[in-house]
Amino acid sequence: MTNDTSLTPEQRDRLLQSYHTLSDLRGACRVPAVQAALRGALAELRVALDGQAVDLDDYYRPRPAEPAGTAHTPSGLAA
């Protein structure tokens, strides 16, 4: 962690949910300016969560609401 203040579990969960929502929107949106803004927002959120020692596996773990076999990979991070 980069400071003495930590996220609560609820804040952590809400930020991860926001990350997934923004990632889904980026994957569905075809407006270049919006995609660029979402890429920037996702990058900033990744940096902030990493600074709070949030496990990066949380970014790639499939969400329970997704059908079986469709792992959630954030847009722009796939190989």
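Any read-out appearing in this document is the output of simple, stated calculations on the displayed coordinates, not a laboratory observation. All values reported here derive from a predicted model rather than from experimental measurement. Reconstructed Cβ throughout: ideal geometry from the backbone, glycine too, with neighbour counts over all protein chains shown.
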**Request:** Sort the following peptides by mean Cβ neighbour count (other Cβ atoms within 10 Å, averaged over residues), highest first: 38-44, 20-26.
**Result:** 20-26, 38-44
**Virtual spin-label span in nm between Arg46 and Leu7, 7 Å along Cα→Cβ** = 1.5
